[in-house]
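Enquirer: Provided herewith is a single structure, encoded as structure tokens, for subsequent inquiry.
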Amino acid sequence: MRGTLGGQPGDNLTPVDIIEFTSAYGTLLLRNNRTPKVVIGRDGRVSGPQVEALVVNTLSMLGIDVINAGLSTTPTVEMEVVAQGAGGGIIITASHNDMRYNALKFLNEHGNFINAAEGQELLDLGAERNFDFAVAADLGKVTEVHDAMERHVSEIAKLPTVKLDAIRKRNFTIVVDCINSTGALALPILADELNCNCILINEAIDGTFAHNPEPLEHNLIDLSKAVVANRADMGIALDPDVDRLAFVDETGKYCGEEYTLVMVANYLLGETPGPTVSNLSSTKALRDVTERHGQSYYAAAVGEVNVVTKMTEVGAIIGGEGNGGIIYPALHAGRDALVGIALIMSALATQEQTLSSYRKLCPDYIMTKDKIQLTPELDVDDLLSKVATHYKDNELDTQDGVKIYIRNGWAHLRKSNTEPIVRIYTEGQDETEAHGIAREVKELVAGII
């Protein structure tokens, strides 16, 4: 449940909305007979303490015990749900969105995001406001935990694919852009475990993000400069809740958030062969790398919960999204920047590579991203159906909008889950092909509407 702070209830994320949806979530948990205990944690944004207080007190007044991890990361809270034997979790973060926003991310008892059916039930309960709060004698107990990130890192270090001895011997120097959020707490713990020299920038956890929080190239100029100035082995870019990950190589060059998953998969496929999964809007490079290792690639609808569902269905060893989201089920089924860092370091340490040389092992593609603003009279389903019909002789995937494989690239058109737009992503082997596919598809769409 994401929105900007302030304004009127129902229009923005106000105290009324936060209490309403927290109450609905707690009621959902109790109705489904889950353990009446919830883990919560938050990123470093300005409104975090206020939202945290509302969430903690609402759950307690429903008679639900609260394990409060405080300033934490999304993957840490996900893992802590399981570690604490809780019935669920709430992560207070608006992820890559700017400081105007906050949000509640709801987890089930496995530390995974609740599914669409549970989400709809939560919405219905919120609309009904049929909540049964506890009497004074039955209020939930609130317990603070301060070592959840240490437990998280300890579990990463135990993974057979994380080559601790090799990493520690390599003694990497890393520069980390913490975006003034909780990466400034988590990365020193990980770096200490891996024997890395860790240099933090933007490490003040005050929620006043030093730049746009999305880990894209144009937002990481200072990181690139710091890597070169410190002669570091790599730069690491995080989003505010540490579930997205992008790298800058030792020369200061941005590796591309699309290639975080591809590089990790290239390493893991050599260690533990098996299927891979990404969403339909992610680079074709993962498919290429997977097939190069003689394994099967599968595409899922956009959205972490959809990727996790597909990964479970096919038994994938690695999956994620092209936004720098690594999902490694050997640890847990959620995007996790910390395990992604450890796996990349394992690849470089065991194969005696630099990050720039390792990045070159992956196929290169160019991606374009565009959108069409929706109008009330536009029938999106009809539009997508006509696009699919036009390309009926091409390889198509229609599980989430329509994806068409065109020449050496592809185009993906889908209705956004968060904005009144149709997204149009294309990819090609070079800029000419990528933009050519985009132009072709947009001309087709213009002719239809």
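Enquirer: Taking the condition of being assigned to a helix (DSSP H, G or I) and in contact (Cβ under 8 Å) with a residue 60 or more places away in the chain, how many residues in the stretch 188-219 meet it?
Expert: Residues in the stretch 188-219 being assigned to a helix (DSSP H, G or I) and in contact (Cβ under 8 Å) with a residue 60 or more places away in the chain: 2 in total.
Enquirer: Of all residues in the stretch 244-281, which are over 25 Å from G183 (Cα atoms), small (G, A, S) and touching a Gly at 6+ places or on another chain (Cβ under 9 Å)?
Expert: The answer is G274, S281.
Enquirer: Need the failing condition index for V422 against (1) surrounded by 21 or more Cβ atoms within 10 Å (Cβ to Cβ); (2) modelled with pLDDT of 95 or more, just the number.
Expert: Condition not satisfied by V422: (2).
Enquirer: Another question about this same structure. Kindly check whether there is at least one residue in the stretch 369-387 that is within 21 Å of L245 (Cβ to Cβ) and free of Cβ contacts under 8 Å to residues at least 24 places away in the same chain.
Expert: The answer is no; no qualifying residue exists.
Enquirer: Among (1) more than 26 Å from P49 (Cβ to Cβ); (2) at pLDDT below 95, which single condition is G85 missing?
Expert: (2)
Enquirer: To continue, here is another question. Is it the case, given these coordinates, that Y358 is among the aromatic types (F, W, Y), over 24 Å from E217 (Cα atoms) and touching a residue at least 12 places away in the same chain (Cβ under 8 Å)?
Expert: no
Enquirer: Scanning for something more than 18 Å from L343 (Cβ to Cβ), among the polar types (S, T, N, Q) and touching a strand residue (DSSP E or B) at 6+ places or on another chain (Cβ under 7 Å), does the stretch 250-257 turn up at least one residue?
Expert: No; the residues of the stretch 250-257 include none that is more than 18 Å from L343 (Cβ to Cβ), among the polar types (S, T, N, Q) and touching a strand residue (DSSP E or B) at 6+ places or on another chain (Cβ under 7 Å).
Enquirer: Take the conditions exposed (fewer than 14 other Cβ atoms within 10 Å of the Cβ) and assigned by TED's automatic domain parsing to the domain that holds L374 and apply them to D393. Does it pass?
Expert: Here the answer is yes, as D393 does meet what is asked.
Enquirer: A further question on this structure: Can you run down the residue pairs with Cβ atoms below 6 Å, 6 or more apart or on separate chains, where the first is in the stretch 48-73 and farther than 14 Å from T27 by Cα and without any contact (Cβ under 8 Å) to a residue 60 or more places away in the chain and the partner is part of a strand (DSSP E or B) and not acidic (D, E)?
Expert: Listed pairs, sorted by first residue: V51/I92; V51/N102; E52/R42; E52/I92.
Enquirer: Restricting the stretch 156-176 to residues that are within 24 Å of the chain's Cα centre (by Cα) and in a helix (DSSP H, G or I), which is nearest to A337 (Cα to Cα)?
Expert: Once the filter is applied, the top-ranked residue is I156.
Enquirer: Then there is this: Being among the charged types (D, E, K, R) and over 30 Å from R231 (Cα atoms) narrows it down to one of D364, D382, so name that one.
Expert: Only one candidate passes the filter, namely D382.
Enquirer: Separate question: G324 fails exactly one of the following numbered conditions: (1) small (G, A, S); (2) under 18 Å from the mean Cα position of the chain (by Cα); (3) more than 30 Å from D192 (Cα to Cα). What is the number of that condition?
Expert: Only one criterion in (1) small (G, A, S); (2) under 18 Å from the mean Cα position of the chain (by Cα); (3) more than 30 Å from D192 (Cα to Cα) is unmet by G324, namely (3).
Enquirer: Another question, if that's okay. Scan the stretch 256-274 for residues that are hydrophobic (A, V, I, L, M, F, W, C) and either under 24 Å from T398 (Cα atoms) or surrounded by fewer than 24 Cβ atoms within 10 Å (Cβ to Cβ) (or both) and jot them down.
Expert: Passing the criteria: L261, V262, L268, L269.
Enquirer: Give the residues of the stretch 220-248 that are farther than 20 Å from I167 by Cβ, surrounded by fewer than 19 Cβ atoms within 10 Å (Cβ to Cβ) and either touching a residue at least 24 places away in the same chain (Cβ under 8 Å) or not aliphatic (A, V, I, L, M) (or both), sorted by residue number.
Expert: Once the filter is applied, which keeps residues that are farther than 20 Å from I167 by Cβ, surrounded by fewer than 19 Cβ atoms within 10 Å (Cβ to Cβ) and either touching a residue at least 24 places away in the same chain (Cβ under 8 Å) or not aliphatic (A, V, I, L, M) (or both), the stretch 220-248 yields D222, K225, V228.
Enquirer: Something else now. Check L123 against each of (1) outside the structural domain of L238 (by TED's automatic domain parsing); (2) assigned to a helix (DSSP H, G or I); (3) at pLDDT 95 or above and name the one condition it does not meet.
Expert: For L123, the exception is condition (3).
Enquirer: Are any of the residues in the stretch 28-47 closer than 21 Å to E128 by Cβ, of a type in the set (S, T, Y) and either in contact with a Leu (Cβ under 6 Å, 6 or more places away or on another chain) or free of Cβ contacts under 8 Å to residues at least 24 places away in the same chain (or both)?
Expert: So far as the stretch 28-47 goes, no, none of its residues is closer than 21 Å to E128 by Cβ, of a type in the set (S, T, Y) and either in contact with a Leu (Cβ under 6 Å, 6 or more places away or on another chain) or free of Cβ contacts under 8 Å to residues at least 24 places away in the same chain (or both).
Enquirer: Taking the condition of being surrounded by 14 or more Cβ atoms within 10 Å (Cβ to Cβ), assigned to a helix (DSSP H, G or I) and β-branched (V, I, T), how many residues in the stretch 4-25 meet it?
Expert: Qualifying residue count, the stretch 4-25: 3.
Enquirer: Considering (1) free of Cβ contacts under 8 Å to residues at least 60 places away in the same chain; (2) closer than 20 Å to R414 by Cα, say which one A299 fails and leave the rest.
Expert: Among (1) free of Cβ contacts under 8 Å to residues at least 60 places away in the same chain; (2) closer than 20 Å to R414 by Cα, the lone unmet condition for A299 is (1).
Enquirer: For the stretch 224-236, state whether one or more residues are under 21 Å from M99 (Cβ atoms) and either assigned by TED's automatic domain parsing to the domain that holds G340 or outside any loop (DSSP other than H, G, I, E, B) (or both).
Expert: The answer is no, given that none of the residues of the stretch 224-236 is under 21 Å from M99 (Cβ atoms) and either assigned by TED's automatic domain parsing to the domain that holds G340 or outside any loop (DSSP other than H, G, I, E, B) (or both).
The values are calculated or read from the model by the stated rules, or taken from the named source; none is laboratory data. Not measured: the values here are computed from a predicted model. Don't worry about glycine lacking a Cβ; one is built from the backbone with ideal geometry, like all the others, and counts go over all protein chains shown.
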